């Protein structure tokens with residue numbers, strides 16, 4: 001009895017502590033029920049293995065099983081003299097806390113906030129605020145506004161109206177009125193068209209023709225006379241052409257007037273006559289006219305006719321599709337030829353454009369004579385030449401020809417220095433005289 005009492009009064013042994021600090025539950029007082037089995041299971045070997053893996057991960061950054069032999073082993077042939085300086089030195093004076101703090105884990109730390117890469121990936125997956133609002137409006141779902149208040153979807157600007165922010169609201173706060181710095185000015189590019197003045201190589205005072213001399217050579221004088229004669233002929237032909245056009249217009253108006261008067265005379269009902277005669281004519285016309293045959297309504301098609309028409313339409317559609325497919329295949333086969341022909345045409349167009357541009361530049365070198373600038377043409381200038389019997393053959397009997405002011409003015413127009421204008425002669429002031437008759441002269445005949 002004493003032994004049993006001593007055994008009952010003996011204190012209970014504490015459960016041995018585990019290596020990782022957690023209390024162990026190995027003593028199984030009973031095996032009744034699943035809870036007792038689960039609570040008293042010994043997992044110390046598993047915890048030792050996991051803790052070893054965690055230590056490897058803290059030291060090397062990953063588990064050693066996942067590393068290759070090249071990362072773990074290296075054959076040192078040369079050696080390193082600085083290895084002793086890089087190794088940590090053992091010191092008894094270093095505190096334990098300092099040793100613990102100096103040990104750094106190779107595993108990167110876990111932050112409470114997400115990293116920029118993770119936020120960027122999440123933003124791609126998340127729905128934007130505008131899309132969410134649009135989907136809620138389409139589904140007619142209520143959306144919480146400020147202060148957790150529900151927004152009415154039928155309210156203008158909140159639900160079905162789908163109003164967006166204005167540009168002024170989006171750019172609010174970007175522009176400061178009181179800033180002294182000038183805002184960025186809009187860059188205005190000049191047109192790429194070249195100035196014709198850069199191509200003109202005409203002299204300010206061009207040298208006169210040899211035929212304008214008081215004693216010119218025969219061939220030069222004849223050449224100048226021929227040029228003046230051709231210019232006068234061209235002017236006369238243009239005037240004759242204008243006169244012929246005027247005559248044609250006048251004749252056409254006269255013919256149109258005659259045709260209109262004749263048509264008005266022949267219009268039925270324009271003659272003035274008795275109403276009884278008109279009624280009799282209408283009755284005779286009504287009796288003489290035959291009644292129009294009634295229009296036949298198209299008969300309703302049968303099912304067989306409708307099927308036949310549908311079959312014909314399907315056949316026509318299939319033939320059209322076959323022809324279109326054939327044309328497409330033909331174009332696909334000839335794609336290389338088409339590409340070559342297009343390249344050849346483009347090269348030809350480019351060559352012709354360059355030729356036209358070169359010809360235009362060569363023409364511009366001689367000035368703008370005869371070309372249209374705006375609404376007016378640049379005058380070519382008159383040819384001053386004397387006939388054979390008018391030549392003086394000496395300076396004493398020389399007569400002045402032309403006008404120096406007119407020549408300089410036209411030359412400045414040829415060099416694109418003055419804009420061409422139509423001649424605008426000054427109008428003479430016209431004064432209209434008004435005649436008044438005095439009252440005494442109105443009764444001149446009555447007094448006598």
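Each value in this text was obtained by applying a stated rule to the coordinates, not by laboratory testing. All figures in this text were calculated on a predicted structure; none of them were measured in a lab. Cβ coordinates were reconstructed from backbone atoms using ideal geometry, including for glycine residues, and neighbour counts include every protein chain displayed.
Fully extending the segment from residue 430 to residue 57 would add 122.9 nm, taking 0.36 nm per residue of separation and subtracting the current Cα-Cα distance. Of the residues 82, 328, the one with the fewest other Cβ atoms within 10 Å heads the list, and the complete ranking is 82, 328. Here the simple spin-label model places points 7 Å from the Cα toward Cβ, and for residue 212 and residue 350 these points are separated by 4.5 nm. Available extension along the chain between residue 419 and residue 231 is 65.3 nm, counting 0.36 nm per residue and deducting the alpha carbon span. For region 208-263, which semi-axes, largest first and in whole Å, follow from the square roots of 5 times the eigenvalues of its Cα gyration tensor? After diagonalising the Cα gyration tensor, the semi-axes are 49, 6, 5 Å.
Let's test the formula: R0 of 60 Å, r as the Cβ-Cβ distance of residue 437 and residue 359. What FRET efficiency results, to the nearest 0.05?
0.25
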